[in-house]
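Working notes for the structure below.
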Amino acid sequence: MVLDKGKLNVLGHIVGETSHSKIRFTSLRPPRVGEYVLVEYPPSSNGDLVLGIVERSNIGNPSLMVEGITPRYVEKAERLNLERNNYMIGQARLLGWVKPLIKDRKLITPNYPPKPGARVYEASPEVLRGIFERSPNEGWIRIGELVNHKGVPVYVNVSSIVSRHLAILAVTGAGKSNTVGVLVDRIVNELDGTVLIVDMHNEYLEIAGPGKTRIVEPKMHPANLSLQEYYNLLRLDPQASKQRMYLRKAYRELFQKGIAQKEPEKFLEKLEELIETYLAKYKGDAKSISDLLNKLSELRERYEGRLLSIDAPTRLEQVIEPGMANIIKLGDVDEEVADVVVSHTLKWLLEERKDYVMSSGGKGYPVPVLVVVEEAHVLIPRNRSTLTKNVAARVAREGRKFGVGLALVSQRPKNIDEDALSQTNNKIILKLVEPNDKRYVQNASETLSEELMDMLSDLNVGEAILLGMMTPIPALVKIDKAKRKTTGSDIMVHLEWRKWREKQGELEAETPDPFDLMN
């Protein structure tokens, strides 16, 4: 693309001191926060235009900036048409030279400032399409369009999302579920990608459409669970030291005898039988052993044959089918069980992907996977330990090398583990209001400036700031509407009441009066 400055609309001129990263400029109209501008530079090997994003917009009037101004003075100024003295000032952050962005998809930031008085142009749709519009054949999917430049589509790079991880953050009702729906649908249907969704509220059951969405009931083989996973399922906290000790003793004894390998289907039964023998051997600890047996009995009664099943998948492909949106349905289990299921699956996936890469495809799971963790603040919390948090830390560090990506989704960013959040180099941030949430997100992000952070409270539903390697430059985007409904949106209460009342009316009309029947 050849840029002809003669065809660009002049927006204003640079005023005041400049730097290599920020400018202030007068404007012929109020600049829109989040819109892009083109800044004139002396010609260089990179061209003579730099792209910037407007971060502040101000309107002033020298006649109305006096001390002790009164309403009568303002009325007089209005009659004298002093509005003609209004001036408009914008502040823009300089992002990079336009020519490399369009030609080679490279973001090269300027290392010297533009001159005061230089022209500032409106960024044309053609220039912005050259930067943002990409091809699915190159691993890009559309996520929406620019808020301030209608008709300019925005694409994100899926390889960067998987290798560098992603966070989707917003207050409740701002559009998180819709954003997940758009991303997963297009990854699966346009790129034949593989996604695993940790669905804490059963809200994504149709996300990629018929034939591309699989519901995975959480099932684990009792003989494949780790000792720590049993601690969690039985709710044996560290203070229950004797119960932990006897469970550990029995667990290890079964593995030493080869029961887990020879008779895996009888693992729980044999575990309970072995612990019962401890009642006679260790009479001084009979109460602790009896409590442990009661908990084990309750666990079997509650979950054996369902969550703990000898029919549980033995191959990872039975849980995560390649080329599909695989939904682990966790809406019917509590948080402790969800923690065990998710950590167990994540650990299995990471080990299988390591095997595949290290064996050059000889064994292991055959394709990269994006793991979407809903309610990330529950499973990967800031101030307490969980099994998922420990495994997620490994995935965040090592997943890049083995094709396991994390997408953390939450409406409570400040409650997510800071290390995990900082490892998500890509972020889709929708509306955030709470100051501590915004500051926490900024501390975990290298590219969220103070000005962009200030914008978060004013975003409309479905609008988001995109940051990170998945996008060529930071972008203010209106996320597309997902094709298929998710249940993350608010309930229209008055409509639900009306539907119930109408249904009751129909039932009353259908029910005959008993006195009529008698007559």
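The values are calculated or read from the model by the stated rules, or taken from the named source; none is laboratory data. Treat the numbers as computed from the prediction; the structure is a model and nothing was measured. Neighbour counts run over all protein chains shown; Cβ positions are idealised from the backbone, glycine included.
Considering region 109-138, and only residues there that are surrounded by fewer than 15 Cβ atoms within 10 Å (Cβ to Cβ) and in a loop (DSSP other than H, G, I, E, B), the residue that is modelled with the lowest pLDDT turns out to be S135. Counting the residues of region 94-108 that are under 16 Å from S21 (Cβ atoms), surrounded by fewer than 20 Cβ atoms within 10 Å (Cβ to Cβ) and of a type outside the set (V, I, T) gives 2. In region 238-254, the residues that are within 22 Å of P264 (Cα to Cα) form Cβ pairs under 8 Å with partners that are among the small types (G, A, S), at six or more places apart or across chains, as follows: Y246/S288; L254/A260. Filtered by the rule that a residue be over 24 Å from N443 (Cβ atoms), in a helix (DSSP H, G or I) and charged (D, E, K, R), region 149-200 gives D185, R186, E190. Residues considered: A393, A407. Of these, the only one that is in the same structural domain as Y204 (by TED's automatic domain parsing), more than 20 Å from P313 (Cβ to Cβ), not in a strand (DSSP E or B) and not polar (S, T, N, Q) is A393.
Scanning for something in a helix (DSSP H, G or I) and outside the structural domain of Q91 (by TED's automatic domain parsing), does region 425-434 turn up at least one residue?
If we filter region 425-434 for residues that are in a helix (DSSP H, G or I), which is where we start, we get none.
Taking every residue of region 425-434 in turn, none turns out to be in a helix (DSSP H, G or I) and outside the structural domain of Q91 (by TED's automatic domain parsing).
Is it the case, given these coordinates, that L421 is buried (at least 21 other Cβ atoms within 10 Å of the Cβ), in contact with a strand residue (DSSP E or B) (Cβ under 9 Å, 6 or more places away or on another chain), without any contact (Cβ under 8 Å) to a residue 40 or more places away in the chain and aliphatic (A, V, I, L, M)?
Numbers: buried (at least 21 other Cβ atoms within 10 Å of the Cβ): yes; in contact with a strand residue (DSSP E or B) (Cβ under 9 Å, 6 or more places away or on another chain): yes; without any contact (Cβ under 8 Å) to a residue 40 or more places away in the chain: no; aliphatic (A, V, I, L, M): yes.
Answer is no for this residue.
Condition check: within 21 Å of Y231 (Cα to Cα), in contact (Cβ under 8 Å) with a residue 12 or more places away in the chain and out of contact with any Ser or Thr (no Cβ under 8 Å at 6 or more places or on another chain). Does S309 satisfy that?
On the way: within 21 Å of Y231 (Cα to Cα): yes; in contact (Cβ under 8 Å) with a residue 12 or more places away in the chain: yes; out of contact with any Ser or Thr (no Cβ under 8 Å at 6 or more places or on another chain): yes.
In short, yes.
Number of residues in region 431-446 that are under 15 Å from the mean Cα position of the chain (by Cα) and not charged (D, E, K, R): the value is 4.
Where helices (runs of 4 or more DSSP H) fall entirely within region 224-334, those with at least 3 residues that are over 33 Å from the mean Cα position of the chain (by Cα) are at 241-256, 259-262, 267-281, 286-303. Count of region 337-367 residues, restricted to those that are of a type in the set (S, T, Y) and part of a helix (DSSP H, G or I), is 3. Per the conditions (1) modelled with pLDDT of 95 or more; (2) more than 19 Å from K401 (Cα to Cα), the sole criterion not satisfied by R384 is (1). Within region 205-217, can one find any residue that is free of Cβ contacts under 8 Å to residues at least 60 places away in the same chain, over 30 Å from N137 (Cβ atoms) and not small (G, A, S)? The answer is no, given that none of the residues of region 205-217 is free of Cβ contacts under 8 Å to residues at least 60 places away in the same chain, over 30 Å from N137 (Cβ atoms) and not small (G, A, S).
Checking each residue in region 40-92 for being modelled with pLDDT of 90 or more and basic (K, R) picks out only R56.
Suppose the filter is more than 12 Å from V171 (Cα to Cα) and in contact with a strand residue (DSSP E or B) (Cβ under 8 Å, 6 or more places away or on another chain); does M453 pass it? Judged against the criteria, M453 is not a match.
Among the residues of region 174-193, are any aliphatic (A, V, I, L, M), surrounded by fewer than 18 Cβ atoms within 10 Å (Cβ to Cβ) and in the same structural domain as T388 (by TED's automatic domain parsing)? There is at least one residue in region 174-193 that is aliphatic (A, V, I, L, M), surrounded by fewer than 18 Cβ atoms within 10 Å (Cβ to Cβ) and in the same structural domain as T388 (by TED's automatic domain parsing).
Within region 454-481, the residues that satisfy the criterion of being surrounded by 21 or more Cβ atoms within 10 Å (Cβ to Cβ), under 16 Å from the mean Cα position of the chain (by Cα) and assigned to a loop (DSSP other than H, G, I, E, B) are G468, M470, T471.
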